[in-house]
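So the structure is just underneath, and the comments pick up after that.
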Amino acid sequence: MFEGLAMEIDNLDIPPCAEAISEVLALRDRLDAKITGAVGDFDAAGLWDLDAATSMTAWLRQHGAMTKREAARVTGRAKKLRELPVTAAAWQAGELSGGQVDAMVAVLKPEMLELFAEQEAELVPSLAGLSVADTSRAMGHWAAHAAALADEPVPESRGLHLSQLLDGTWVLDGTLDPESGEVVGTALRMAESADSDAEPSRTPAQRRVDALADLCRFFLDHQNHRPASRHRPHVNVVIDLEDLQGGGGGRVVDGPALSRAAIQALSCDSALHRLVMAGRSAVLDYGTSTRTIPANLWNALVLRDEHCRFPGCDRQSSWCEGHHVVHIADDGPTCLENLVLVCSRHHHRLHQPGWHAKLRPDATLEVTDPDGRHWTTAPPRAGPLLV
Ligand SMILES: [Zn+2]
Ligand SMILES: [Zn+2]
């Protein structure tokens, strides 16, 4: 039926230049627009039924060799465009791109189609020529405005999923409403810390993970549901006394094993609770919990260090924890001369193999990385400290 087009494609030679590629992409887009129109009409007439398919999507999967996701997307877009003749015509004429049309139909929930159709003759020309991102933004404004006029909340799909995989890592995936997205995006940006020269650089995605964990830790440190002013740690870890003293690992209650480095970073600044067990079930003694760093000492540490002391980091004290330069397991004392304030990320860094920290009598911190490079940082205020 389309021998002419087939022949044109057969004879087509696309040179690898920007102009040629843009031009054929625009032509393909206009062909997509025509196909979408035909799919919409085919679907509306229920003609897929003649081919013994159960739906338009099923028909496209079988006869259009599409994935389930792609078939659902094409069907959904075709259905909506049947209600929006001006938009469909602008796409076919090449005035709107397929990307713009996708951005539009993503915003247009079924209950909004009628209102948009009434206004599309005025709205579509103003969208022509915009980027996909700007089209999406403009449509978002229109939808919010339309919902406000109708006195209805903007329909939205929201959800957040967090699940742990068998290897102990977690997968976080979610869809946020515009306002929550702004809040979360801004908080993540503000909570991000820069890479220090003293450590390997991180990817932007890795920096966001660290920022999110810091935000959650900050909330847990400062939440008011419990009377104590500082709550640490926020995970319950089980470790045998012998392992703690001997530098062994431990595990989260009912959870995965933790490395020696993680256990040491947690036990540097935590509440320790003695629990003497006989076997796995009989509790012989349940002692009171003891802070590894008592409140007064913590305040003195904050006065001296003010912020994270890792080279190049200035994370404020409210985001920090105390690090025993000589660890408790190695009989390091809990006193100002053996403690240094570090943010959680750099605390864990210091407990990684090959990293060393040393505190001089004048509170200058010396950090050595696995390659033997040294950095020193002085406390913000030199001189005698009254505590
Ligand atoms: Zn530590
Ligand atoms: Zn830091």
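The values are calculated or read from the model by the stated rules, or taken from the named source; none is laboratory data. Keep in mind it's a predicted model, so treat the numbers as computed, not measured. All Cβ positions, even for glycine, are placed from backbone atoms using ideal geometry, and neighbour counts span all protein chains on display.
In the condition set (1) modelled with pLDDT under 85; (2) surrounded by 11 or more Cβ atoms within 10 Å (Cβ to Cβ); (3) not in a loop (DSSP other than H, G, I, E, B), residue 255 is compliant with all but (3). For region 331-358, the set of residues classified as away from ligand 2 (no atom under 16 Å from the Cβ) and in contact (Cβ under 8 Å) with a residue 12 or more places away in the chain consists of 334, 335, 336, 337, 338, 353, 354, 356, 358, listed by residue number.
Within the option set 147, 117, being on the phi < 0 side of the Ramachandran plot, more than 25 Å from the chain's Cα centre (by Cα) and modelled with pLDDT under 85 holds for one residue only, 147. Contact annotation: residue pairs with Cβ atoms under 8 Å, 6 or more positions apart or on different chains, pairing a residue in region 367-382 that is in contact (Cβ under 8 Å) with a residue 12 or more places away in the chain and closer than 26 Å to residue 300 by Cβ with a partner that is of a type in the set (Lys, Arg) and assigned to a loop (DSSP other than H, G, I, E, B), are 377/309; 379/309.
Can you tell me which residue within region 169-225, out of those that are farther than 15 Å from residue 345 by Cβ and of a type in the set (S, T, N, Q), is surrounded by the fewest Cβ atoms within 10 Å (Cβ to Cβ)? Across region 169-225, the extreme among qualifying residues is 224. Taken over region 305-330, the criterion of being charged (D, E, K, R) and within 16 Å of ligand 2 (Cβ to nearest atom) is satisfied by 305, 306, 309, 314, 315, 321. Residues in region 96-106 that are assigned to a loop (DSSP other than H, G, I, E, B) and hydrophobic (A, V, I, L, M, F, W, C): 96 alone.
Residues are listed down the side, and each one gets a yes or a no for (1) under 23 Å from residue 259 (Cβ atoms); (2) within 15 Å of ligand 1 (Cβ to nearest atom):
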site	(1), (2)
317	no, no
330	yes, yes
340	yes, yes
359	no, yes
371	yes, no
377	no, no
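Scanning region 321-354 for residues that are more than 23 Å from residue 370 (Cα to Cα) and surrounded by 15 or more Cβ atoms within 10 Å (Cβ to Cβ) turns up 334, 336.
Applying a threshold of 8 Å to beta carbon distances and a minimum spacing of six or more residues, or different chains, the list of pairs starting in region 257-269 at a residue that is touching a residue at least 12 places away in the same chain (Cβ under 8 Å) and of a type in the set (A, V, I, L, M, F, W, C) and ending at one that is within 16 Å of ligand 2 (Cβ to nearest atom) and part of a strand (DSSP E or B) reads 265/323; 268/321; 268/322; 268/323.
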